[in-house]
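The values are calculated or read from the model by the stated rules, or taken from the named source; none is laboratory data. Computed from a prediction, not measured in an experiment: that's the story for all the values here. Here the Cβ positions follow ideal geometry from the backbone for every residue, glycine too, while neighbour counts run over all protein chains shown.
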Amino acid sequence: MLWRLLLLLGLAVVAGGAVAVADTAPVTFSQHVAPLLQQHCQECHRAGGGAPFTLGEYTHVYQRRDKILESVEKRRMPPWKAVAGHGDFVGERRMSAAEIATIARWVATGAAEGDRRQLPPAREFAGPSALDAADLVLRPDQAFTVAGRGGDIYRCFSIPTSFAEDRYFTTAVVVPGNPKIVHHMLAMVDPNGASTHMTTGGVGRDGEYGYPCFGGPGFRIEGYLGAWAPGARPWDLPEGVGMLLPKGARVVFQLHYHNAQLAAQTDLTELRLKAAKGPVQKKLHFMRVGRFNLSILAGNPRYEIEAGTLVHQPMRLIAIHPHMHMLGREMKVWAEMKDKSVTPLIHIDDWDFHWQGFYWFRTPVALPVATWIALTAAWDNSERNPRNPNKPPRDVRWGERTVDEMGHAAILYTLDDEVLK
């Protein structure tokens, strides 16, 4: 690429296409690259961070320098799928062109370590200690063992609560017991205890603790109390907003496990919740916008849908979670107001099943009555899709298995007119 050649020559392209002499000072790991990795990568690539390897020490980074460069140039890393300009989100993981150029120059000029005295102080990350004094800690009664090379396993665990009154929580931190095998976790509210019918004495029909839930938890979900995937951050709701845990409700953990190692691995994931300390004016609500009757014929390189829902009460959107499976390629969600003005909510133009989660709006998005929340999505069920799990392709319909498909956006929101007693 021309720009990488210019970097090697110590030149830079400036506005208008002119070439100017660039800073000829050497790029080193200690002074230039380590700060970038701290900012953009180490949230996951650190001990206990969920990624399969760390990027803290020079030797670790040097060994993977070419792969790192390829990943950031193709923008596979940092894992931030939302297109810029479509929604204003908290904690964007997006590396600038200048930062990518710095890494490219470092690799091209020999990947020197530099003076270790120029290393930045180690970054501190908010981990489980952030809620050591949690008001409520929920976990299954026992650990679950996943066999070596066991493939994808979805397991649910139904956990009782004993409150005599409704409770509201404002912060949720999921602490995966074994990040090496936990792909994701959802904490779902089961208000009437329907999940107890899925087990006998806590044991599923297959004789193991918990119950298999590859196709869903088996009950109507009445809200969420947190979620986790590699790189996920704690749920920290806006002031005055709370997650409701009704009295007597159960909380169901859905764990997606994938153990690629030869040896069996165990996990005991927990959920730490911080109770609302002040008055809660608004309850966190949940809805889905999308289509639930997909039929994608084998060989179709672009199956498209349009969907939407009308806003009947004024609301404010807190977070959004696009969801598709392996064939997904693109999803866009926006709000069209009654006056035809448009507010982009999110756009993912390079869908990756392995990098999905909630995107939290920096400022809640106000939607008045008669707003139309619109969604478009596209799938590729052809042989040209390298992520197609079926070779050769086969017809795929809506369903909750990974080899089925889905196409919706989950939205967390509050209602302007709601008054809590």
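With respect to Val107, determine if the residue is in contact with a Leu (Cβ under 6 Å, 6 or more places away or on another chain), without any contact (Cβ under 8 Å) to a residue 60 or more places away in the chain and not assigned by TED's automatic domain parsing to the domain that holds Ile411. Before the answer, list the steps.
Numbers: in contact with a Leu (Cβ under 6 Å, 6 or more places away or on another chain): yes; without any contact (Cβ under 8 Å) to a residue 60 or more places away in the chain: yes; not assigned by TED's automatic domain parsing to the domain that holds Ile411: yes.
When the stated conditions are applied, Val107 passes them.
Of the strands (runs of 3 or more DSSP E) lying entirely inside region 51-164, those containing at least 2 residues that are at pLDDT 95 or above, within 21 Å of the chain's Cα centre (by Cα) and surrounded by 14 or more Cβ atoms within 10 Å (Cβ to Cβ) span 151-160.
In the set Met326, Met331, only one residue is aliphatic (A, V, I, L, M) and part of a loop (DSSP other than H, G, I, E, B); that residue is Met326. Report yes if Asp339 is touching a Lys or Arg at 6+ places or on another chain (Cβ under 8 Å) and assigned by TED's automatic domain parsing to the domain that holds Val396, otherwise no. So Asp339 does not fit the description; no. State whether one or more residues within region 411-419 are assigned to a loop (DSSP other than H, G, I, E, B), within 30 Å of Arg167 (Cα to Cα) and touching a strand residue (DSSP E or B) at 6+ places or on another chain (Cβ under 8 Å). The answer is yes; a qualifying residue exists. Surrounded by fewer than 18 Cβ atoms within 10 Å (Cβ to Cβ) and in the same structural domain as Arg291 (by TED's automatic domain parsing): is that true of Arg329 in this structure? Spelling it out, it is not the case that Arg329 is surrounded by fewer than 18 Cβ atoms within 10 Å (Cβ to Cβ) and in the same structural domain as Arg291 (by TED's automatic domain parsing). Pull up region 335-353, narrow it to residues that are in contact (Cβ under 8 Å) with a residue 60 or more places away in the chain and surrounded by fewer than 19 Cβ atoms within 10 Å (Cβ to Cβ), then point me to the one that is nearest to Met243 (Cα to Cα). By that ranking, first place goes to Pro344.
Residue-wise test of (1) surrounded by fewer than 20 Cβ atoms within 10 Å (Cβ to Cβ); (2) in contact (Cβ under 8 Å) with a residue 24 or more places away in the chain.
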| site | (1), (2) |
| --- | --- |
| His184 | no, yes |
| Gly193 | yes, yes |
| Gly201 | yes, no |
| Phe219 | no, yes |
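Answer yes or no as to whether Asp267 is surrounded by fewer than 22 Cβ atoms within 10 Å (Cβ to Cβ), within 14 Å of Val174 (Cα to Cα) and either acidic (Asp, Glu) or at pLDDT below 90 (or both). Break it down into steps so the answer makes sense when it comes.
Details: surrounded by fewer than 22 Cβ atoms within 10 Å (Cβ to Cβ): yes; within 14 Å of Val174 (Cα to Cα): yes; either acidic (Asp, Glu) or at pLDDT below 90 (or both): yes.
Spelling it out, Asp267 is indeed surrounded by fewer than 22 Cβ atoms within 10 Å (Cβ to Cβ), within 14 Å of Val174 (Cα to Cα) and either acidic (Asp, Glu) or at pLDDT below 90 (or both).
Every condition in (1) of a type in the set (Gly, Ala, Ser); (2) more than 22 Å from the chain's Cα centre (by Cα); (3) assigned to a loop (DSSP other than H, G, I, E, B) is met by Ala366 except one, and the failing one is (3).
Out of curiosity, is Arg316 of a type in the set (Lys, Arg) and modelled with pLDDT of 95 or more?
Values: of a type in the set (Lys, Arg): yes; modelled with pLDDT of 95 or more: yes.
Yes; evaluated as a whole, the condition is true for this residue.
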